[in-house]
Structures are given as structure tokens and as C-alpha cells.
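To start, the structure itself, in C-alpha cells.
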């Protein structure tokens with residue numbers, strides 16, 4: 001009989017524990033009792049719920065072998081003699097038991113704290129209730145000015161409420177910041193229109209005319225408000241343990257030793273409910289360490305808790321706040337710049353040689369280096385560190401760079417010397433930077449320190465990056481490659497810089513891509529407006545916007561494919577690809593397609609490919625917006641736009657997401673109130689889900705935002721850099737992108753809008769431009785001295801009733817495990 | 001002036017600077033003819049030795065470290081226009097043909113021994 005493990009609670013730490021235990025010792029038969037109606041979710045990002053991120057997106061649930069999760073079933077008693085956990089409806093025997101019950105929100109004893117309109121800030125259900133209450137109302141009070149309180153205040157602001165913070169301590173974030181730091185933070189927050197009263201506590205709440213009235217400990221100070229949120233700290237949920245006689249700490253929490261074992265050796269406690277050697281940790285990272293310790297113990301190991309790094313760095317209401325190492329010490333040096341709203345404090349040993357800790361408000365750039373230096377020498381010059389945040393100097397190998405995953409500088413330098421040459425590879429190799437991401441700037445510095453120069457030069461002929469060449473072309477008005485390379489490059493060019501410059505000229509409105517000197521720059525696919533295949537023939541892809549096509553047009557494609565004997569296949573982008581076209585047949589094929597109303601699908605270009613759609617409201621029972629119409633509109637708007645790499649998009653008509661929009665460069669998902677726009681998604685070699693850029697916007701705002709996103713990408717991305725890598729590489733990531741194209745922080749939105757307007761106005765079908773131009777048609781010949789003679793070396797064979805390049809069958813049989821699937825390019 | 005070994009393939013003006021065309025010679029050989037920006041001409045076999053397709057004429061020309069090259073449109077290997085040598089794989093090469101312009105006509109001649117071409 002297998003060993004039975006029962007886990008009480010399915011939160012972030014509990015989930016990490018399940019993953020660890022199933023990985024290390026799959027022989028456990030695990031039952032999880034989860035009181036909430038949904039499985040584990042990312043509570044650290046809870047506020048993102050008000051930013052349009054759905055409960056599903058916050059979910060951390062995954063199917064694990066050997067694990068049964070009982071949702072909505074709370075444990076009500078533990079019988080340690082019988083070794084059984086009871087819920088209201090069942091009994092679960094255990095060999096080992098783990099408490100991962102977390103905390104509950106602390107509500108100070110206060111008259112009226114149980115009235116309607118008074119909430120805590122802990123679960124998705126709490127947030128849904130707050131959202132429902134806030135609808136149509138205008139004012140909210142948050143009790144608590146710590147981490148959680150500021151999160152809650154941010155949430156109320158996002159819901160459109162005037163927000164008041166009431167904090168009992170004399171300044172904000174009193175557990176992380178000193179008085180000066182708290183003061184600077186208060187300045188920032190008040191600038192956002194949030195009111196802050198510190199040194200103030202609520203004394204009673206009463207209902208008045210459908211609203212709430214809260215009196216305080218300060219004479220005459222009272223608040224009339226629509227809702228009150230308690231966010232004044234948490235307490236460990238240890239009642240169940242107390243009831244069954246397990247030892248708890250004086251200030252609450254289940255007492256454990258460094259192996260997370262409780263007073264009962266068959267019972268462990270992890271996460272916020274554990275009082276490890278008397279200390280409760282309210283952060284997720286120490287909880288994860290405990291999860292790993294217990295998983296190791298259950299697999300027969302002897303791991304002990306390695307100690308907690310309580311450093312934190314966060315962006316609260318747009319303000320950087322960080323605290324690391326010791327809060328106070330023998331020697332402290334501070335820097336305060338009220339004009340810029342920055343404050344820094346470093347705590348040093350009495351000889352000023354060793355960094356013990358510190359805090360940063362307003363600018364947390366030096367945080368990764370400083371945090372990694374705690375316990376060692378102060379990195380760089382103190383005055384520079386404090387004033388500009390610029391740091392030079394190197395860390396010892398033992399310094400921990402990524403505290404979430406406990407990766408040291410030495411491990412990262414080792415990975416670099418073994419060939420990791422960018423941040424993505426370091427992440428994959430060492431896991432550094434994969435959790436909170438705050439050490440990513442540090443990883444870049446270490447790459448530089450390891451001698452990895454990340455050259456942005458396009459090729460040996462241009463030292464500039466693609467973005468720099470784009471600016472040069474835009475500013476100088478240069479319209480030819482020869483002039484650009486003569487003035488800003490060297491040599492004759494190559495297959496890297498020529499197509500790059502061709503794309504830049506096309507993006508900046510250079511007429512037909514085969515006009516004049518531009519013709520010589522185009523990659524072969526662009527030169528023949530078709531995709532070259534392995535045997536030198538081409539594939540032809542007409543545009544089918546949104547994937548919607550009439551029966552008559554389908555028949556035309558069938559007739560053309562039959563007449564020119566082309567292999568046909570439905571593509572992943574909801575259109576039809578015709579393969580095996582000889583170069584001399586391309587104009588004849590396109591004459592027929594253009595006459596039937598088709599136009600180029602740009603499958604050959606670094607340009608917009610397709611905008612996929614789901615079925616849409618007209619037919620689907622579930623759709624909430626007309627996804628097909630939107631997909632067609634978007635595809636027609638952006639068709640022909642030349643970009644650093646191909647662009648793919650999709651529109652889903654509801655949250656079921658049938659169009660797989662989040663795997664696209666820009667994906668749109670309909671909501672009850674409008675559209676959510678996600679950007680930077682990718683399938684391919686490195687799949688990535690797109691990030692939410694804006695939510696619940698109307699169609700006009702959606703299109704304007706996409707316009708700007710695309711034009712900003714076209715102007716600033718590297719050669720062959722997809723939007724996913726581009727967004728990741730932006731300093732500040734998606735938040736920075738939002739500041740630029742939604743809030744217009746750089747003042748360039750008008751220019752981006754104008755550039756897209758010009759693109760839309762000047763679009764013309766490239767294939768129509770060829771078949772109406774005898775000079776361009778001349779190039780589509782098999783041989784210059786025998787234009788109509790087909791290349792005699794091209795041969796085909798028949799497989800599954802269609803034609804394939806000769807040798808297909810032989811290739812498929814020589815391949816490894818290709819079960820009847822021909823190897824295709 | 002006319003050399004029997006040379007075959008006229010097209011008018012010089014038909015060539016776009018920086019691009020190539022394919023020609024079918026009387027003996028069935030397929031040749032890629034390139035016109036560079038300085039109006040110089042190069043003729044090489046049209047067959048990509050890696051994939052076996054006759055597509056070299058559709059590759060992009062340029063230079064690598066000053067050496068004029070054409071890049072295969074299939075897998076992007078670079079070949080020296082003067083010698084036919086593949087700069088990415090010394091085992092592979094293209095044959096080089098003599099080429100000239102006479103009376104505004106591009107004419108392709110016999111294969112040139114590799115190394116002698118310049």
C-alpha cells in the first residue's frame with residue numbers, strides 16, 4: 001500500500017510543495033484539502049486582477065500525478081491518534097500531514113467591522129466582492145499603510161475610486177522603511193491623488209444612508225465613504241493545529257524546527273502558518289524554501305531551512321521601493337533628494353567596510369547589486385551609489401544574485417563560460433531571474449563582465465543596429481541602399497544588411513518593393529513575391545482576411561491549383577498555401593487570383609501575415625464581440641506593413657480564446673465591455689504568452705493602441721527580433737511600453753499615429769503592381785535566354801494523391817521516426 | 001571578334017545591378033550570371049551544391065570581408081564570385097564560367113579552371 005500524504009491548504013507554498021514532492025518521490029498518494037472554491041493562484045499578483053488579469057490567468061494549478069485536490073472542502077478536524085483528517089463530508093487517513101493553511105487577514109477589534117461594505121484583502125472572492133461594491137460608487141478607505149495596504153489602495157484607484165489610506169504607524173511601510181523613506185513614499189502617493197493619514201486608527205464604523213461613517217482616534221477626524229478595506233496585516237491560520245494539540249508559538253503560528261517538523265514528528269507546517277523557531281515569515285520565498293525542505297525530508301533527505309532573505313523590491317503605485325539586509329546598524333548613511341522624490345539609506349559595519357543592508361525609495365536601480373553585496377564589501381563609491389544609482393565594481397562569486405532561486409554569481413559566471421550568451425539562456429540554464437525578475441539587470445551586467453559583448457551591429461557592413469539605421473534613414477531622407485552604405489557603412493553589402501535596409505525603406509514608404517534599386521536588395525522571397533521551397537519552386541499564398549472566404553473564391557483557388565498542378569495545404573494562419581509553382585508560372589497564377597479579387601498574402605515578407613479569428617458572435621453561442629469583423633478590419637489595416645520580422649495576430653470573441661490570440665505578436669480577446677489587447681506572444685521555438693497591454697477598451701482605442709505598438713516596434717526593434725523578444729528587451733518591459741504608447745511619456749504618439757495613417761493610405765497590392773508592369777514581369781522567367789522553358793531539373797512525384805518534390809518518399813524513409821509524414825520545409 | 005565558344009544570353013541592359021539571371025546553355029548547363037554595382041559580370045553554375053536546386057541566380061550578392069560573394073537563397077551559404085569557392089564549407093564550390101560583354105550582349109563562355117579565374 002502506498003504512503004498517504006495529506007496537505008491542508010492549496011496556496012502558493014502548498015502548490016510549490018506538491019510540485020517538489022511529486023518530483024522527488026512519486027510514490028506518495030497525496031490528497032489536498034482546499035477550502036477555497038478554486039485551486040492555488042498567484043496571491044502575490046492579486047492586484048493584477050483589477051488590471052484586467054483574470055482569475056484563470058492567476059492560477060498556478062497544474063495536474064500532478066498522484067495528487068487529488070478536493071476543492072471547496074475545508075479540513076475541520078485532525079485526529080492525531082487515529083491519524084485522520086476530517087472534512088464536513090469525509091475522512092482522510094494519513095501517514096504524514098502537512099499544514100499549509102497560510103494566514104487570514106487581521107481585522108482589529110472595532111465596532112461595525114462586520115457591516116456590509118467592509119472587506120478584507122486576501123482572496124479572489126474578496127476582490128470580486130470589492131469590485132461589485134465599488135461599481136457606481138466613488139470613495140474608499142483602506143486601513144493599513146504597509147505593503148498590503150498600498151496594494152489595496154492601488155486596487156481601489158484602478159476601480160476608479162477616490163482613495164484614502166489610514167495607517168496607525170507614524171509613517172507608511174513602517175516595517176520596511178524608516179521615517180524619511182516613508183515620507184518620500186507618501187509624497188509620491190499623494191501626487192497620485194491618494195490621501196494618506198498616518199498615526200491614525202479607526203475607532204468605530206456605522207452605516208449611514210447607504211454609506212459608511214468611520215470615526216478615528218484623532219479629534220474631529222472622521223471619514224464618510226462607500227467601502228472600507230482592512231489591509232492591516234495577517235495572522236497565521238493555526239486554529240486547526242491548536243484544536244488537535246499541536247504546539248503553537250506565543251504570538252501564533254505552528255511551532256517548527258528547521259526541518260519544518262511540528263511537535264508531532266508526522267506533522268509538518270510550511271509557509272505563513274509556520275512559526276519556524278518562533279518566527280513567522282510573510283513572504284513567499286522563505287515559504288518556497290520550507291516546501292523544498294519538507295519534500296526532501298519526505299523523500300528521505302535531511303534538508304534544513306537555509307535561512308530567509310527578507311529583501312523586497314516592488315513597484316507600488318508606480319513607485320520603486322526596496323529594502324534589503326539589515327534595517328538598522330552601527331553606521332548608516334543616507335541620501336535624500338526631495339525634488340526627484342528619491343531616498344536611499346545604506347547600513348554599514350562600524351568600520352564602514354561591510355554592507356549590512358539598506359533601503360531605496362523612488363529609484364531602485366542599484367538594488368540587485370546592493371542586495372547581492374550584503375555581507376561583503378560596499379560595491380563602488382558610496383556617494384555615486386547613493387546619488388546616481390550608478391554602480392561599478394564586481395561582486396564576489398559567493399554573492400547570491402537571484403534570491404528567489406538561490407543562484408550565486410559563481411554559478412551564473414560558470415554558465416556564461418559554458419556558452420550562455422544572453423539573458424534568456426542564463427534563465428534557462430540556471431533558473432536565475434525566472435521568478436520575480438528583479439535580478440535581470442544584474443544578469444546583463446554579469447554578461448558584460450563575462451566578456452559577452454552583445455553587438456547590435458547589423459552585419460560587417462554596418463556598425464549600426466537596425467533601429468539606428470531606421471533613424472538615420474528617417475532623419476536624412478536617404479532613399480537608396482547605395483547612398484546609405486556609402487555614407488554610413490562600408491563595402492558592398494550582403495544578405496543581412498540588404499534586406500534589412502529594404503525593409504526599412506519599405507516601412508518608411510518607399511513605393512513598390514521591386515522599384516528601381518530596391519529590387520536588388522530584396523531577399524529572394526521578396527524579389528519573386530513568393531516563398532522559395534527546397535527544389536527551387538515557390539509557394540503561393542493569397543490573403544484571406546480573418547480566414548473568411550466565399551465558396552466562389554474557394555473554387556478559384558481550387559481551379560488555379562488544378563490548372564498549374566499545385567500541392568495545396570491549409571496553413572495554421574487560416575489560409576491556403578499552394579506549393580510547387582514554377583517561377584515562370586507565378587505571374588499567370590497571380591493574374592487569375594487578382595482577377596478573382598485576391599491579393600498578396602505577404603507570406604514571403606517580414607510583414608503582417610494573418611489575423612486569425614474564431615467563429616464570432618454571428619454563429620457562436622458564446623461570443624461576446626464580433627471577432628471575425630474585427631480580424632478582417634485589422635488584417636486589411638495592417639496588410640503590407642514591413643517590419644523587422646513577421647507579424648501574426650488573432651482575435652477571439654470571448655474568454656474561451658479559440659483563436660489562440662495570446663500566442664500572437666498582438667492578440668485581441670473580447671470582453672463583455674470591449675476588448676483586451678495582449679502583445680508580445682509567440683509560438684515557434686520559444687513559445688511565450690502575450691502580456692496584457694490594455695483591457696476593456698472600445699474598438700477605436702484598440703486600433704489606435706495597436707497602431708502605436710506596431711509603429712514603435714517597426715522603429716526600434718533589431719533585425720529579425722520578434723515582438724516577444726523586443727518586449728522582453730525593453731527596459732521596463734510591458735509597463736514601459738504602456739507608458740510610451742498609452743500615456744505618451746516620450747511624446748511620440750502623434751508621430752506613430754501619423755506613420756500608420758500614411759501606411760494605410762498608401763497601401764497597394766504588390767502582385768497587382770507586378771502583373772500590370774511589363775518591366776517587372778520580365779524577371780519572372782526560368783531562363784533569361786529561354787523564358788518559357790521549364791527548368792528541366794525540377795521533378796515531382798505523387799504522394800497521397802498530390803505532387804511533391806522528387807525524392808520525398810526516399811527522404812521520409814531515411815528520416816528517424818517519420819511515420820508516413822514527408823519531411824517538409 | 002565572335003568566339004564560337006561564347007553563347008549570347010541576353011542584352012546587358014536586361015541585368016539589374018546587384019542581381020542575377022539564369023541562362024540555359026546549348027549543352028544543357030544552367031548558369032547564373034550576376035551584374036555587380038560596378039557593372040562587372042560573373043558567371044557560375046546555377047546549381048546549389050547543398051540542396052541540388054538550380055537557384056543560385058536568385059541569391060543576393062554582396063561582399064564578405066571585401067570578397068565579392070553570392071549567397072544561396074536556400075540555406076544562405078556564401079560563395080566567392082571569382083572562384084566559386086564556398087566560404088562556409090571548403091568541400092563545396094560552384095563552377096566558374098567565362099563571361100563577357102560584346103555589342104551590348106552578355107555572352108557566356110567555357111568553364112574556367114578554379115584558381116585561374118580572377
Protection proxy (average C-beta count within 10 Å per residue), highest first, orders A:573-585, B:97-109 as A:573-585, B:97-109
Run the Debye formula on the Cα coordinates of region A:466-522, all scatterers equal and no solvent, and tell me log10 I(q)/I(0) at q = 0.21, 0.30 1/Å. -0.71, -1.52
What's the Cα-based Rg to Rh of the protein assembly as shown, Rh via Kirkwood? 1.04
Relative contact order, percent, region A:466-522 [alpha-carbon distance under 8 Å, six or more residues apart]: 36
Please give the average number of partner chain Cβ atoms lying within 10 Å of the Cβ of each residue in A:303-315, rounded to a whole number. 0
Report, to the nearest 10°, how far helix A:284-298 tilts away from the longest principal axis of the Cα atoms in chain A, using its own Cα long axis and a range of 0 to 90°. 90
For A:377, A:444, what's the fewest-to-most ordering of other Cβ within 10 Å of each Cβ? A:377, A:444
For region A:324-357 and region B:7-42, what is the separation of their C-alpha centers, rounded to whole Å? 73
Per the helix-only model, chain A has a calculated mean residue ellipticity at 222 nm (DSSP H runs of ≥4, -39500 (n - 2.57) each, divided over all residues, rounded to the nearest 500) of -8500 deg cm²/dmol
Estimated D of region A:90-206 in µm² per second, where Rh is the Kirkwood radius over Cα pairs and Stokes-Einstein applies at 37 °C, 0.692 mPa s: 206
Give me A:15, A:70 sorted ascending by neighbouring Cβ count inside 10 Å, so fewest comes first. A:70, A:15
What is the order of A:515, B:63, A:81, fewest Cβ neighbours within 10 Å to most? A:81, A:515, B:63
Other chains near A:517-527: what is the mean number of their Cβ atoms within 10 Å of each residue's Cβ? 4
What's log10 of I(q)/I(0) for region A:394-454 at q = 0.16, 0.19, 0.22, 0.27 Å⁻¹, Debye sum over Cα points only, no solvent? -0.38, -0.55, -0.76, -1.19
Other chains' Cβ within 10 Å of A:533-542 residues: what's the mean? 3
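Every number in this text was worked out from the coordinates using simple rules, so none of it is lab data. These numbers were taken from a predicted model, which means no experiment stands behind them. Cβ: placed from backbone, ideal geometry, glycine included. Neighbour counts: every protein chain shown.
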